[in-house]
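Report on the following structure.
The values are calculated or read from the model by the stated rules, or taken from the named source; none is laboratory data. Here the structure is a predicted model, which means the values were calculated and not measured. Please note: Cβ atoms are built from the backbone with ideal geometry, for glycine as well, and neighbour counts cover all protein chains shown.
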Amino acid sequence: MKNQKSKIKNHTFVRGFTLIEVLIATAFVGLSIAALVAANGSFSMANATGADLSTAEFLVEQIRELTALLPLVEPGLTTWTSLGPGPGETLATYDDVDDFDGFDSASRGGPISAQRTTLTQLKAFRQRVTVQKLNPTNFNQVWSDSSASNFARVTVTVLENGRQISTASWIRARY
């Protein structure tokens, strides 16, 4: 009998994973995969938002470039009393910055480039332009269209599917 007991004591048991250990490991792997999928979705949304903002800034710069070399008002005009295009003027014939007051690219089927062409591949976006006369001593104060100011603020707002993405303003002087 003594021999039998010693055999049992010397016998080694091979251990493996228990069912609970396997379930816990599987749960950890599942949580890790779920976290990676959620992070990937967040990164994709952030990337799309960044791409939209970049496109909007590009469209603002197209208007800025288009108007950069144009005079603020009709050349030779002595009294500047109204904003917006003159009678019969179209985008193709806008010859000064104040003609762009009230411009909205939605009617063209897409935003416009600095060359006045429609960017149909960006048709989900639109540009809106406003021109406001400013108080010459306080650029934060907007004057009426009929005032005799020599300063104006040009504001371009870019929307995508009706949602505002970006807006930018700059001040132009009549020279």
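Annotation: of all residues in region 117-146 being out of contact with any Pro (no Cβ under 6 Å at 6 or more places or on another chain) and touching a residue at least 60 places away in the same chain (Cβ under 8 Å), the one that is farthest from PHE103 (Cα to Cα) is SER146. The number of residues in region 118-146 being aliphatic (A, V, I, L, M) and either under 16 Å from GLU57 (Cβ atoms) or assigned to a loop (DSSP other than H, G, I, E, B) (or both) comes to 4.
Quick check on region 39-70: of everything there that is part of a helix (DSSP H, G or I), among the hydrophobic types (A, V, I, L, M, F, W, C) and touching a residue at least 12 places away in the same chain (Cβ under 8 Å), which residue is farthest from ASP95 (Cα to Cα)? Don't jump to the end; show me each part of the working.
So the first thing to find is which residues in region 39-70 are part of a helix (DSSP H, G or I), and the list is 39-68.
Right, trim to among the hydrophobic types (A, V, I, L, M, F, W, C) and you get 39, 43, 45-46, 48, 51, 53, 56, 58-60, 63, 66, 68.
Filter once more, keeping what is touching a residue at least 12 places away in the same chain (Cβ under 8 Å): 53, 56, 59-60, 63, 66.
Working: LEU53: 29, ALA56: 24, LEU59: 20, VAL60: 19, ILE63: 13, LEU66: 10 Å.
So the residue we want is LEU53.
Considering each residue of region 114-131, count those that are crowded, with 17+ Cβ neighbours inside 10 Å and either among the aliphatic types (A, V, I, L, M) or at pLDDT below 95 (or both), and give that number. Residues that pass the stated criteria total 4.
Out of GLY86, GLY102, I need the residue that is in a loop (DSSP other than H, G, I, E, B), small (Gly, Ala, Ser) and under 30 Å from ALA48 (Cα atoms). Which one?
GLY102
Of everything in region 147-166, what is farther than 19 Å from VAL97 by Cα, assigned to a strand (DSSP E or B) and either of a type outside the set (Ser, Thr, Tyr) or free of Cβ contacts under 8 Å to residues at least 24 places away in the same chain (or both)? Give them in sequence order. So that I can check it myself, show each step before the final result.
Our first condition is that a residue be farther than 19 Å from VAL97 by Cα; within region 147-166, this holds for 159-166.
If we keep only those that are assigned to a strand (DSSP E or B) too, we end up with 159-160, 163-166.
Scanning region 147-166 gives LEU159, GLU160, ARG163, GLN164, ILE165.
May I ask you to verify whether THR26 is at pLDDT 90 or above, over 24 Å from THR167 (Cα atoms) and surrounded by 10 or more Cβ atoms within 10 Å (Cβ to Cβ)? Let's see the steps before the verdict.
Details: at pLDDT 90 or above: yes; over 24 Å from THR167 (Cα atoms): yes; surrounded by 10 or more Cβ atoms within 10 Å (Cβ to Cβ): yes.
Considered against the rule, which asks whether it is at pLDDT 90 or above, over 24 Å from THR167 (Cα atoms) and surrounded by 10 or more Cβ atoms within 10 Å (Cβ to Cβ), THR26 comes out as yes.
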